[in-house]
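Comments concern the structure below.
The values are calculated or read from the model by the stated rules, or taken from the named source; none is laboratory data. In this text the structure is predicted, and so the values were computed from the model without any measurement. Reconstructed Cβ throughout: ideal geometry from the backbone, glycine too, with neighbour counts over all protein chains shown. Note: areas computed on protein heavy atoms with side chains; ligands, DNA, RNA excluded. Shrake-Rupley method; radii C 1.70, N 1.55, O 1.52, S 1.80 Å.
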Amino acid sequence: MGIADGLGEGFSVALDPTNILYVFIGVLIGTVIGVLPGLGPTATIALLLPLTYELEPVTSVILLAGIYYGSMYGGTITSVLLQLPGEAASVVTTFDGYQMAKQGRAGPALGIAAVGSFIGGTLAVVGLILLAPPLADLAVEFGAQEYVALTAFGILLVTYLGTKHPVKALCMAALGLFLATIGQDAITGTGRFTFDQVELFDGLDFVAVAMGLFGVGEILYNLEKTEKAEQIKSRIKNIWPTRKDFRDSSGAIARGSVLGFFLGVLPGGGGVISSLASYGMEKRRAKDPSRFGKGAIEGVAGPETANNASSTSAFVPLLTLGIPPNVVLALIYGALLINGVQVGPQLIDTNPEIFWGVIASMFIGNLMLLALNIPLVGVFVQLLRVRAGILAAFALLITMVGVFSVNNDVFDMWVVLVFGVLGWLMKKTGFEPGPLVLAFVLGAILETNFRRAMLTSDGQFDTFFTRPLSGTIFGLMALVIVYSTVMGIRRQRSGRPPALYADQLDAAAPHETVPGSESEGTAGVAATDGGNRDGPPPAGGGSTRAEP
Amino acid sequence: MSKHLYRLAPLVLLLFGIAAMLQARDLSLGELSAPGPGLWPFIVASLLSLTAFVLLFVDDPADYEPWTRGTAGIALGLLSLGIFIVLFQEIGFLIPAVLMLLVWLRLFAQEPWRWAVPLAVLGAVAFQLVFVEGLGVPFPDDIVLGG
């Protein structure tokens, strides 16, 4: 199917009244939770997973995708007005956005962020259209070895990029892979680690695990934090940026779109890293870098564009290879799996309505977001009056009832509770739930393909390295490990934080404090504070702390 | 000793990993050319043990947050959720939901009674309507509704 036909079909799916309604609900929920500190896209999507059983597969992805990119818009609002990033990718926006607000330019900051996000999101959709079909064609040739390589590469990159402590993340990924083996063995039918519990025979339910780790774990973690009501001081006026603002930020928006797109495609990339990279790039390119951190509009436009572009392009590996590049996409992947949709290179051919429908809905969703954000910023800000405690109480009840509704089984409620405790403990001890969930989702694919490869190659382990494609991927993996180990050692020697991108953040962050916020789960380094700690209290779950 | 308390987490993971390896071995590992059901779990459990072992030595104590008074509150919150699940199974949705919302709204959100009570009752009824009437989820028999 050509692009024109595909898009035609896509729009006929996306313009279906039900789907229009759900893309609207999605971007609205996304914006709202982006505004509300403490409930990020990961937690929200996890909490809403049971709902996807009730919906058509394409509708559920449209809804969840809307929440994801909608939250990128919403997170901006609190970053600019309160210096509180509603979600991790907006951390960078606090640097210059909040300064602009202090200078009475909150309006243009929000306006340019909305426009930039729209452009970035839209260009990324175009990129997705162009890049996805050829990639899927290539992927059809993949054998079991390639899938093992790709899946392992995905997990590895998520554990290495954007987490503060790769070994801890790898440990969690291993735990996730192990938990995925619970239940009946797909090949021999043997029950594994079920301890004769009938409920465990089908394995742990992905929805329950994700809801526990991200939803309940997050809520429990936030309970310990003292929340205080925030006051909006800056008045918002003149949302639409001036012609000069547009001129100043047009380059940043263009570069941010491209950068965000490519970083979003990479496993482990995603919003935080894209926005950081864009900020760093703009600062380096600027004639007068000292303006950054004091209200430079490029410092808002570039990163906001980039994080939206990346949240769209992250769909490329999912829809073409069946590999979710970050945790939010892993949840969406899970939603498709529980709907019985095989996600992989064949998706474009077997379920064109999903592929093209989701793409078309992104155009519509981005347009809606632009229309929602420009006039309604004032309304969204009022949401901050909702107290976190009330939100937590209702979110918990939704979780409990929601997970029950999946299988009508009380056992799943206990699973949620146990994983909630686990998720909370992990946050307390600096282990990130992101790699665990990603590995849990990919565990079955990895195991099946590993065993298949072993069977077909008669137990020859080198089958992974001698095939050109899988060999290349494993070669890349070795490169990533060597590179990051060497860099880690060099950083430790020079006494700098041992995480990727920590440098850039250190360099990028002005002296303002950047509070922690809910991350996509993979992006632990996001909210490293730039030095002091006497800013506003941390916004959300802070898996994203780092020592100064 | 307390200085090394943070090593508890990797230690627990290490023990879990070793236990998992032993369990996996009992499932029969098979051969590489004919992997048994235990082979893959054994591999990932080994990875888990290995990384946990490394963490015993290299982990950063600053990653670990201190326990606060709030921690006791968490335990209470968890207890309330546990009781909710048990009651839900026994007497249906409405009463446990009202009780749980009350506990959370009063204790954790610190809403005054005049807000907590109506919010809890309305919330529970709304959930009942949405999930049972709207989505057709079969909740356990409810003593209030006499189902």
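At a glance:
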read-out	value
Among the residues listed as A:Q346, A:Q342, the single one being under 22 Å from the mean Cα position of the chain (by Cα) and among the polar types (S, T, N, Q)	A:Q342
Residues within region B:103-129 that are assigned to a helix (DSSP H, G or I), in contact with a helix residue (DSSP H, G or I) (Cβ under 9 Å, 6 or more places away or on another chain) and open to solvent by 40 Å² or more (accessible area, probe 1.4 Å), tallied	10
Test: residue in region B:55-64 that is of a type outside the set (D, E), in contact with a helix residue (DSSP H, G or I) (Cβ under 6 Å, 6 or more places away or on another chain) and facing another protein chain (nearest Cβ under 7 Å)	yes
Filter result for A:G322 (on the phi > 0 side of the Ramachandran plot and open to solvent by 10 Å² or more (accessible area, probe 1.4 Å))	no
Candidates B:A62, B:A34, B:A45, filtered to the one that is among the small types (G, A, S) and either buried (at least 16 other Cβ atoms within 10 Å of the Cβ) or at pLDDT 95 or above (or both)	B:A45
Residues of region A:286-305 classified as open to solvent by 10 Å² or more (accessible area, probe 1.4 Å), in contact (Cβ under 8 Å) with a residue 12 or more places away in the chain and of a type in the set (D, E, K, R), total	2
Of residues in region A:394-404 being over 16 Å from B:G134 (Cβ atoms) and without any contact (Cβ under 8 Å) to a residue 40 or more places away in the chain, the one surrounded by the fewest Cβ atoms within 10 Å (Cβ to Cβ)	A:F394
Some residue of region B:86-95 being more than 9 Å from every other protein chain (Cβ to nearest Cβ), surrounded by fewer than 18 Cβ atoms within 10 Å (Cβ to Cβ) and under 22 Å from A:L446 (Cα atoms)	no
Residues of region A:9-32 classified as in contact (Cβ under 8 Å) with a residue 12 or more places away in the chain and under 16 Å from A:N351 (Cβ atoms), total	5
Conditions (1) under 18 Å from A:G420 (Cβ atoms); (2) assigned to a helix (DSSP H, G or I); number of the one not met by B:V132	(1)
Any hit, region A:43-57, residues being more than 22 Å from B:F131 (Cα to Cα) and out of contact with any His (no Cβ under 7 Å at 6 or more places or on another chain)	no
Residue satisfying condition, being closer than 26 Å to A:V410 by Cβ and not β-branched (V, I, T), within set B:P66, B:P138, B:P61	B:P138
Residues located in region B:6-44, provided they are touching a residue at least 12 places away in the same chain (Cβ under 8 Å) and under 15 Å from B:V58 (Cα atoms)	B:Y6, B:R7, B:A9, B:P10, B:L11, B:L13, B:L14
Conditions (1) farther than 21 Å from A:L49 by Cβ; (2) in contact with a helix residue (DSSP H, G or I) (Cβ under 6 Å, 6 or more places away or on another chain); (3) modelled with pLDDT of 85 or more; number of the one not met by A:V377	(3)
Helices (runs of 4 or more DSSP H) within region A:158-224 that include 2 or more residues open to solvent by less than 10 Å² (accessible area, probe 1.4 Å) and more than 21 Å from A:A335 (Cβ to Cβ)	A:166-180, A:217-223
Subset of region A:446-472 that is surrounded by 19 or more Cβ atoms within 10 Å (Cβ to Cβ) and under 22 Å from A:T159 (Cα atoms) - its residue that is farthest from the other protein chains (Cβ to nearest Cβ)	A:S470
Some residue of region A:343-352 being without any contact (Cβ under 8 Å) to a residue 60 or more places away in the chain, hydroxyl-bearing (S, T, Y) and touching a helix residue (DSSP H, G or I) at 6+ places or on another chain (Cβ under 9 Å)	no
Matching entry among A:F431, A:F419 (being away from chain B (no Cβ under 11 Å) and closer than 15 Å to A:E218 by Cα)	A:F419
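Condition check ((1) more than 24 Å from the chain's Cα centre (by Cα); (2) closer than 30 Å to A:T305 by Cβ) across all residues:
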site	(1), (2)
A:I359	no, yes
A:L372	no, yes
A:I390	yes, no
A:D412	yes, no
A:L422	no, no
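This table checks each residue for (1) open to solvent by 30 Å² or more (accessible area, probe 1.4 Å); (2) farther than 29 Å from A:F419 by Cβ; (3) within 14 Å of chain B (Cβ to nearest Cβ); (4) not in a helix (DSSP H, G or I).
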| residue | (1), (2), (3), (4) |
| --- | --- |
| A:P345 | no, yes, no, yes |
| A:I364 | no, yes, no, no |
| A:Q382 | yes, yes, no, no |
| A:A392 | no, no, yes, no |
| A:V406 | no, no, yes, no |
